[in-house]
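First the structure, in the form of structure tokens, and then the observations on it.
The values are calculated or read from the model by the stated rules, or taken from the named source; none is laboratory data. Predicted model only: the values in this text are computed from it and were never measured. When we count neighbours, we look across all protein chains shown, and the Cβ atoms used for this are built from the backbone with ideal geometry, even at glycine. Surface areas here come from the heavy atoms of the whole protein model, side chains and all, with no ligands, DNA or RNA. Shrake-Rupley method; radii C 1.70, N 1.55, O 1.52, S 1.80 Å.
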Amino acid sequence: PICDIEVPERLSSSYEQLKCYHLVERCVHVPAREGSEEEILLVHSFVYFSLLHSSEHLEVAKSTQTMNEEELKRVSGNYDAFFFHPNTYRCARLAVGATLQLVDAVMSGKVCNGMALVRPPGHHSQRNAANGFCLFNNVAIAAEYAKLKYGLQRILIVDWDVHHGQGIQYIFEEDPSVLYFSWHRYEHQEFWPSLKESDYDAVGLGKGKGFNINLPWNKVGMGNADYLAAFFHVLLPMAFEFDPELVLVSAGYDSGIGDPEGQMNATPEVFAHLTHFLMQLANGKLCVILEGGYHLKSLSESVCMTVKTLLGDPIPQITGEMAPCLSAVESIQNVRGAHKPYWKWLMYEAIEALKNNVCGRKHCSWCMEISMNTMNTDVLCFVNKMPPIKTATTDSRGSAHLLPVPVHLVKEMDKTEIKALVSDFYADLVTEDKTLLSLGSMLAVLDKILKKEVCNGIAESPTAAVSVAVALRHSVRFGFQRVLCIFVGDMQIIPNTEDGFFETHCFGLYLGIWGFVFNSFSLLLKDAEGNDFFSAVLGLILPVAYSYQPNLTVIAVGPNRSLGISGISLLFTLLQGLAESRMLAVIEDTEINLMQTVAKALVGASTPHFGVFVPPTQEKVNKIKRLRDQFQQEWKMLQCSGKLSGFI
């Protein structure tokens, strides 16, 4: 009876939904094949069965093809939650082979990324034993295969299945070339596989210490905010420091809403955001391999969200309150404390593990109890139509031909139209022809974004601060009430105090939030350069931005900036997860290399390598921590790395 959920419809329903959304026709089809015995033996080795004497795991699996039902039951009894069928061996070999075909397609450059829809899953399977529906460990074999065939030295495995992938952990726990991250339902060791080594303090063994990251969920009902907080405050900083050459995802969607195994609340669009973040690693080399997922509607919609993101479509708006629950915060804080000795980015963080700090509630205070039968499936249908053109610009300076081919040229506004738009506010700005010309370029691009005719756009301006000020006011009048603005470099920020915009002037990275009926927030980080960038963006800006959930993101880049080209590119790319990817870039610097870099980021090109990780200084870490502590009550996504005393 336990097998009733592991059904062929898991694949067929997902594939049919992909076809329904016309996603299949946009993908390159990679033919499946059976994994060879040599490939399987990269991971799987000897096992002893009292029934069959000493034998190889592979040989035991092969022998089941001709067994009758009684023999299959006896062999299955040697395993934990695994049940043989005469076709299991061949299906498992196909799952391995399909996964390796995807790795080859990505590593050879035939495709940028991809997803393998396979059964049976693999992440529970151990070197010498099947386990938990898993015969061969597809992702572990893929990692060993990629290391052997392509000479890779750093592979990141992200396991977002709701069960702990103890098989992957056991295989790589002494191997520093593989960074394994797993979040999983744990409930203080009460949930299967109920292992002590699934807890946060299992960090790896020997040379592998620090390269095994377990984030245990000790309550059911974890939602979008909890998953994003885990990425911001644990996985992404470690991943950027690790600097992988390939990312493999053990993509179990039983961590999504409605699943009978997971009992979690995360909606399908969160997997688009998680995928988007992982695409910024390893020059975009990302292979997503299906693991669990047993609510067919939730599974199929989540698969579609993942594939849409891999294709470069706009990221859907996240839903739900952006506030991680106390139990999630405790788990995240414990992971950070356990891994502090092993990671440079945690070097100066004041973190202590919160042992035995157990909440007495069955469900988290921000979460609702799930009923699979009464789940509102309307919330699952997030696949939105992509505008026919992704990125727009104007050609006021004759340099548009140097930008990437997908950038679309739009006609600039004339002077009369510009004056009519801005005369009610900033009337003093419309007297100079130079200013009018730059505003015409910016407003032409912005209108395309606001009308959802394009996803994003880029505008040159000799006075970026003026253009941004007009853009903000124009967006609000258009009905976009929540606008996030980032300033990089040195520019005078023009105040809009009547609507809650705060004026600041300094070198560095400035973040402002604009709108009407809410509390305003402004923040300035001086000299956010090098790897201080990761602490600032991952530990502060992204959590605040996701707490705020803007309708539009505006990024202005001015002169005398300390942030380099690669940092600017990554900043643009990471923030595209917000506002359904609606973004306006205003560039004051006319350096063509900068324009090309920003344009590439907007059209979806792979993020350039950031460079060797250098830890932030203690002074910068302390400054960011003070800001987190100051603002965490207002912006609750900061709470995972700030003081915990403020929780209600």
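Has region 417-433 got any residue that is in a helix (DSSP H, G or I), at pLDDT 90 or above and open to solvent by less than 20 Å² (accessible area, probe 1.4 Å)? Step through it out loud before you land on a result.
Within region 417-433, the subset in a helix (DSSP H, G or I) is 417-422, 427-431, 433.
Within this subset, residues satisfying the condition of being at pLDDT 90 or above are none.
For region 417-433, residues in a helix (DSSP H, G or I), at pLDDT 90 or above and open to solvent by less than 20 Å² (accessible area, probe 1.4 Å): absent.
Only residues that are of a type outside the set (A, V, I, L, M, F, W, C), out of contact with any Asp or Glu (no Cβ under 7 Å at 6 or more places or on another chain) and open to solvent by less than 30 Å² (accessible area, probe 1.4 Å) were counted in region 123-155, giving 4. Considering each residue of region 443-483, count those that are buried (at least 23 other Cβ atoms within 10 Å of the Cβ), outside any helix (DSSP H, G or I) and touching a Gly at 6+ places or on another chain (Cβ under 8 Å), and give that number. Number of matching residues: 1.
Taking residue 595 as the residue in question, decide whether it is buried (at least 22 other Cβ atoms within 10 Å of the Cβ), outside any loop (DSSP other than H, G, I, E, B) and touching an Asp or Glu at 6+ places or on another chain (Cβ under 8 Å).
Numbers: buried (at least 22 other Cβ atoms within 10 Å of the Cβ): yes; outside any loop (DSSP other than H, G, I, E, B): yes; touching an Asp or Glu at 6+ places or on another chain (Cβ under 8 Å): yes.
Criteria met by residue 595.
The set of residues from region 216-248 being under 18 Å from residue 615 (Cβ atoms) and either among the hydroxyl-bearing types (Ser, Thr, Tyr) or in contact with a strand residue (DSSP E or B) (Cβ under 7 Å, 6 or more places away or on another chain) (or both) comprises 234, 235, 238, 239, 242. Take the conditions touching a strand residue (DSSP E or B) at 6+ places or on another chain (Cβ under 6 Å), part of a helix (DSSP H, G or I) and among the small types (Gly, Ala, Ser) and apply them to residue 98. Does it pass? Yes; evaluated as a whole, the condition is true for this residue. Inside region 20-55, residues that are touching a Phe, Trp or Tyr at 6+ places or on another chain (Cβ under 6 Å) and modelled with pLDDT under 95 make up a count of 1.
In the condition set (1) assigned to a helix (DSSP H, G or I); (2) in contact with a strand residue (DSSP E or B) (Cβ under 9 Å, 6 or more places away or on another chain); (3) at pLDDT 90 or above, residue 536 is compliant with all but (3).
Comparison of 221, 210, 293, 284 shows that the only residue that is in the same structural domain as residue 140 (by the TED database) and within 18 Å of the chain's Cα centre (by Cα) is 284.
Listed here are the residues, each with its yes/no results for (1) open to solvent by 10 Å² or more (accessible area, probe 1.4 Å); (2) of a type in the set (Gly, Ala, Ser); (3) outside the structural domain of residue 572 (by the TED database); (4) touching a His at 6+ places or on another chain (Cβ under 8 Å).
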position	(1), (2), (3), (4)
230	no, yes, yes, no
238	no, no, yes, yes
241	yes, no, yes, no
245	yes, no, yes, no
304	no, no, yes, no
311	yes, no, yes, no
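Return the residues of region 632-645 that are surrounded by 19 or more Cβ atoms within 10 Å (Cβ to Cβ) and either assigned to a helix (DSSP H, G or I) or small (Gly, Ala, Ser) (or both); say none if nothing qualifies. Within region 632-645, 636, 637, 638, 639, 640, 641, 642 meet the criteria.
Residue under question is residue 142, and the condition is that it be modelled with pLDDT of 95 or more, under 20 Å from residue 286 (Cα atoms) and of a type in the set (A, V, I, L, M); does it hold? Before you say what the answer is, go through the steps one by one.
Values: modelled with pLDDT of 95 or more: yes; under 20 Å from residue 286 (Cα atoms): yes; of a type in the set (A, V, I, L, M): yes.
Taking the combined requirement at face value, the residue satisfies it.
Filtering region 77-122 to residues that are surrounded by fewer than 18 Cβ atoms within 10 Å (Cβ to Cβ) and more than 29 Å from the chain's Cα centre (by Cα) leaves 77, 78, 80, 81, 83, 85, 86, 87, 90, 91.
Among the residues making up region 9-30, those that are open to solvent by 80 Å² or more (accessible area, probe 1.4 Å) and in contact (Cβ under 8 Å) with a residue 12 or more places away in the chain are 9, 15, 16, 26, 28. On the basis of being open to solvent by 50 Å² or more (accessible area, probe 1.4 Å) and either on the phi > 0 side of the Ramachandran plot or part of a strand (DSSP E or B) (or both), does residue 580 make the cut? So residue 580 passes the test.
Got at least one residue in region 600-615 being part of a helix (DSSP H, G or I) and either farther than 30 Å from residue 392 by Cβ or in contact with a Gly (Cβ under 9 Å, 6 or more places away or on another chain) (or both)? Yes, there is a match, as at least one residue in region 600-615 is part of a helix (DSSP H, G or I) and either farther than 30 Å from residue 392 by Cβ or in contact with a Gly (Cβ under 9 Å, 6 or more places away or on another chain) (or both). Residues in region 327-335 include none that are open to solvent by 10 Å² or more (accessible area, probe 1.4 Å), at pLDDT 95 or above and among the hydrophobic types (A, V, I, L, M, F, W, C). Among the conditions (1) open to solvent by less than 10 Å² (accessible area, probe 1.4 Å); (2) closer than 26 Å to residue 344 by Cβ; (3) among the aromatic types (Phe, Trp, Tyr), the only one that residue 253 does not satisfy is (2). When 204, 165 are checked against the criterion of being surrounded by 19 or more Cβ atoms within 10 Å (Cβ to Cβ) and in contact (Cβ under 8 Å) with a residue 40 or more places away in the chain, 165 stands alone in meeting it.
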